[in-house]
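S.K.: Below are the structure tokens for one structure; questions will follow.
Computed from the coordinates by the stated procedures, all read-outs in this text should not be read as laboratory data. Everything numeric in this text was worked out from a predicted model, so none of it was measured. Note that each Cβ is placed from the backbone with ideal geometry, even for glycine, and that neighbours are counted across all protein chains shown.
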Amino acid sequence: MPEAPRKRQRDGKDRDRGFGAWLKEIGTIVVIALVLSFLIKTFLFRAFFIPSGSMEETLEIDDRIFVNQLVPQPFDLQRGDIVVFSDTEGWLPEQAEAQVSWFKEALIFIGLAPDESQQHLVKRVIGLPGDHVICCDAQGRLTVNGEPLDEPYLYPGANPSDLPFDVVVPEGKLWVMGDHRNASADSRANQTKLGKGFVDIDDVEGKAAVIAWPLNRLGFLATPSDVFDGVPDPQPGAQPTPVPTPAPAGP
């Protein structure tokens with residue numbers, strides 16, 4: 001075979017091998033990215049969508065957030081943490097099942113799209129197990145274990161609570177409230193249900209860590225630990241304050 005045709009044949013094979021190697025490299029990168037994304041979603045972070053204004057102005061409608069799934073385990077929850085939890089107590093009204101394409105389901109599964117299934121809620125932890133939480137003191141503030149709270153994260157103009165309550169958080173449970181208190185159906189609004197307004201710690205998906213979208217709201221969500229710095233440890237065997245029995249009417 002003449003030298004020129006042999007050279008053209010070798011050049012063609014080299015190009016084919018080069019193209020094949022390029023495709024293999026791209027495929028490897030895609031597979032690694034998907035595996036890493038799945039591992040991050042499964043063990044570290046998960047994306048969620050904010051559908052309501054109950055956490056305004058800390059979180060706004062249509063925000064996309066990432067939740068740290070290492071909280072509550074192996075890291076402990078703290079008062080003031082914003083948490084996402086499964087609605088196992090039926091706080092949300094029943095929703096018609098939304099049709100989601102297989103492609104979007106795949107993106108949600110590997111953590112590249114936020115979960116918009118309406119099966120989760122996001123609130124702020126106010127009371128941990130054993131805490132005695134009361135609304136309200138003479139200045140209209142919540143108290144936890146007798147310590148009043150000054151809450152800078154509340155929606156402007158919102159009261160700490162317009163609904164009085166007096167609860168002791170059971171073991172393994174949380175008392176949670178939205179930052180937009182007069183627009184949040186939180187623990188206060190669900191005291192007549194089976195769970196008495198408490199959230200099971202086992203239902204917590206994780207702690208909200210980052211606002212990822214929209215970009216003009218990109219940032220970390222810090223726990224306002226200074227709000228709760230003065231709260232003492234709960235007293236063993238604490239009980240809600242008894243409600244006085246009204247005196248019988250006279251004859």
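S.K.: Quick one: length gained pulling GLN191 to GLU25 fully straight, 0.36 nm per residue minus the C-alpha distance?
M.R.: Length gained, GLN191 through GLU25: 54.1 nm.
S.K.: Place a +1 charge on the Cβ of each Lys and Arg in region 146-211 and a -1 charge on the Cβ of each Asp and Glu, then give the dipole magnitude about the Cα centre in debye, rounded to the nearest 20.
M.R.: Values: 6 positive and 12 negative charges, 43 e Å.
With Lys and Arg at +1 and Asp and Glu at -1, about 200 debye.
S.K.: Here's something else I'd like to know. Given region 120-247, what whole percent of its Cα pairs are spread farther than 16 Å?
M.R.: Beyond 16 Å sits 66 percent of the P(r) for region 120-247.
S.K.: Still on this structure: For THR58, what is the net charge nearby, where nearby means another residue's Cβ is under 10 Å from its Cβ and Lys, Arg count +1, Asp, Glu -1? Provide the component values of the computation, followed by the final result.
M.R.: Numbers: positive: ARG124; negative: GLU56, GLU57, GLU60, ASP63, ASP179.
So the surrounding residues net to -4.
S.K.: Now for a separate question. Please give the FRET efficiency for ASP202 paired with GLN119, using the beta carbon to beta carbon distance and R0 = 22 Å, rounded to the nearest 0.05. Don't skip to the end; give the middle numbers.
M.R.: On the way: r = 15 Å, r/R0 = 0.70.
That pair, ASP202 with GLN119, gives E of 0.90.
S.K.: With 10 Å bins from zero, work out the P(r) of region 149-216 over every alpha carbon pair and list the percent per bin.
M.R.: The distribution over region 149-216 is 17, 42, 33, 8, 0, given as percents.
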